[in-house]
Amino acid sequence: MTPTLITRLPHVGTTIFTVMSALAAQHKAVNLGQGFPDFACDPALVDQVTQAMQSGHNQYPPMPGVAVFRDAIASKIAALYGHSYRAADEITVTAGATQAIITAILAIVHPGDEVIVLEPCYDSYVPNIELAGGTAVRVALTPGTFRPDFDKIAAAITPQTRAILINSPHNPSATVWTRQDMLRLQEILAPTNVLLISDEVYEHMVFDGVAHQSAARFPGLAERAFIVSSFGKTYHVTGWKVGYVAARGALMAEFRKVHQFNVFTVNTPMQYGLAAYMADPAPYLNLPAFYQRKRDLFRAGLAGSRLRLLPSEGSYFQCLDISAVSDLGEADFCQWLTAEVGVAAIPLSAFYGDGFDQRVVRFCFAKQDATLHAALQRLKAL
């Protein structure tokens with residue numbers, strides 16, 4: 001007889017992404033639900049990884065990551081954001097951004113600590129906090145605009161607050177924090193010991209000529225921040241699961257203590273391949289224009305529909321208000337849309353702890369043009 005377990009995550013079930021992808025496959029729907037590309041990466045990147053394998057880079061790398069790769073990451077951050085991190089002890093390569101986030105949380109959060117999360121938020125944040133024995137303190141972004149409400153954020157800080165987790169460009173709302181937003185956060189945190197986890201995986205997908213405001217740009221934030229990013233998002237290789245964390249040495253020392261015992265190291269040839277590929281900054285510097293064109297194609301195709309387009313300032317997501325189309329709630333609408341119209345989307349209510357329904361759904365436009373055109377043709381029925 002199998003022993004009975006007491007679950008560590010009693011509120012976690014099958015994710016909405018799994019449910020909607022299965023439904024999309026069942027109905028042969030165009031899947032604009034899950035956030036990953038359906039097109040190939042640059043063949044030159046695959047060639048660099050292949051060359052690394054053929055050159056014998058197939059054994060364990062150093063625990064924090066291959067030295068030339070960490071050097072390339074540190075150089076990129078310095079060039080883009082004007083802040084220098086030491087590659088030796090302030091950059092760690094991770095098995096994707098999700099592992100980076102849980103490792104940062106496990107490194108700093110103790111039982112009884114509070115961590116502020118801004119809803120709607122990526123679905124790993126709260127379970128990560130709970131696994132560390134902490135308490136997630138949910139603060140809602142302003143409904144409708146999804147802008148941070150700094151009065152509410154400040155009011156949520158208590159003597160038990162260990163950290164705050166922010167995400168810009170934001171999944172799922174596609175909003176982008178401004179310089180003034182980051183300065184206000186810096187001002188609020190200055191008199192506290194609160195740490196910052198800044199999820200910046202969509203850093204190279206900011207549109208309309210706007211600059212990404214990394215926490216690395218702001219000295220008062222950089223001193224207390226774990227900055228997380230993802231090569232999977234930047235180079236269209238989400239399945240490779242390679243990311244990194246940048247943090248000051250004292251913070252990184254604690255991060256690495258946990259990192260060495262939950263993954264230890266990250267795929268060796270991909271690190272060498274990515275390091276070589278990063279010698280040319282054009283792929284990430286050109287990424288905003290690449291995705292802005294897809295955003296504009298998708299938005300233009302929906303302009304005549306009754307789906308109301310919300311701003312898409314960054315990331316590869318587009319949110320739409322469904323109020324003029326249906327009386328259904330978000331989750332029921334997404335199931336109806338998948339089964340009857342043949343396009344899969346994700347309800348924003350899935351990103352709230354209480355399932356807050358504001359009649360908004362999220363589409364992903366990180367797809368081939370043919371995929372987007374096929375979806376738009378079906379959505380014309382609305």
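Please treat every number below as a calculation from the coordinates, not as lab data. All values reported here derive from a predicted model rather than from experimental measurement. All Cβ positions, even for glycine, are placed from backbone atoms using ideal geometry, and neighbour counts span all protein chains on display.
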_So for each of 276-289, 188-201 I average, over its residues, the number of other beta carbons within 10 Å; can you give me the resulting order with the highest mean first?_
188-201, 276-289
*Could you grab the Rg to Rh ratio for region 1-52? Cα atoms only, Kirkwood for Rh.*
1.24
_Using 0.36 nm times the number of residues separating ALA25 and TRP336, minus their current alpha carbon distance, what extension gain do you get?_
110.5 nm
*In the chain, with Lys and Arg counted as +1 and Asp and Glu as -1 at Cβ, which of these residues, THR18, GLY329, LEU302, has the Cα nearest the positive end of the dipole, that is, farthest along it?*
LEU302
*In whole Hz, what ³J(HN,Hα) sequence does region 311-327 give by Karplus (6.51, -1.76, 1.60; θ = phi - 60°), x for Gly and Pro?*
x, 10, 8, x, 6, 10, 10, 10, 9, 9, 8, 9, 4, 7, 9, 8, 8
*Which listed residue (GLN368, VAL68, SER214) has the Cα farthest towards the positive end of the charge dipole for the chain, taking +1 on Lys and Arg C-beta and -1 on Asp and Glu C-beta about the Cα centre?*
GLN368
*Among [x] 25.4, 84; [y] 20.7, 61; [z] 21.1, 71, which one is Rg and Dmax of the Cα atoms in Å computed from these coordinates?*
[y]
*Which order do peptides 161-171, 17-27 fall in by mean Cβ count within 10 Å, highest first?*
161-171, 17-27
_When a/c reaches 1.5 or more, the comparison of a/b and b/c decides; with that in mind, is region 186-290 rounded, prolate or oblate per its Cα gyration tensor?_
oblate
*Counting DSSP beta bridges in the chain, what percent are antiparallel, to the nearest 5?*
45 percent
*Could you check what % of the DSSP bridge pairs in region 164-309 are antiparallel, to the nearest 5?*
35 percent
*Cβ crowding within 10 Å averaged over residues, with 261-272, 146-157 ranked highest first*: 261-272, 146-157
*region 96-139 and region 271-290: distance between their alpha carbon centers, rounded to Å*: 30 Å
*About its Cα centre, how strong a charge dipole does region 1-77 have in debye, to the nearest 20, once Lys and Arg get +1 and Asp and Glu get -1 at the Cβ?*
300 debye
*Counting only complete DSSP H runs, which helices of the chain cover 18 Å or more along their long axis at the Cα atoms and score a mean Kyte-Doolittle of 0.0 or above?*
67-81, 96-108
*asked:* Just the number: Rg to Rh for region 92-165, Cα atoms, Kirkwood Rh, two decimals.
replied: 0.99
*Counting Lys and Arg as +1 and Asp and Glu as -1, each charge on the Cβ, what is the dipole of the chain about the Cα centre in debye, to the nearest 20?*
340 debye
*What whole number of Å gives the distance from the Cα centroid of region 193-224 to the Cα centroid of region 21-58?*
27 Å
*Residues with amide H under 5 Å of VAL30's amide H, sequence separation 5 or more or different chain, H placed in the peptide plane at 1.01 Å from N; which?*
VAL343, ALA344
*asked:* Please compute the modelled spin-label separation between ARG378 and LEU131, points set 7 Å along Cα→Cβ, answer in nm with one decimal.
replied: 3.3 nm
*Go through ALA52, ALA253, MET205 and say which Cα lies farthest out towards the positive end of the charge dipole of the chain; charges sit on Cβ, +1 for Lys and Arg, -1 for Asp and Glu.*
ALA52
_Placed amide H near GLU119: partners under 5 Å, 5+ positions off or other chain_ = VAL139, ALA140, LEU141
*Between SER305 and ASN286, with labels modelled 7 Å along Cα→Cβ, what's the label distance in nm to one decimal, could you check?*
3.0 nm
_FRET E, pair MET1, PHE264, Förster distance 51 Å, beta-carbon r, rounded to 0.05_ = 0.90
*Per Stokes-Einstein, at 20 °C and 1.002 mPa s, what whole-number D in µm² s⁻¹ belongs to region 245-382, with the Kirkwood radius over Cα pairs as the hydrodynamic radius?*
118 µm²/s
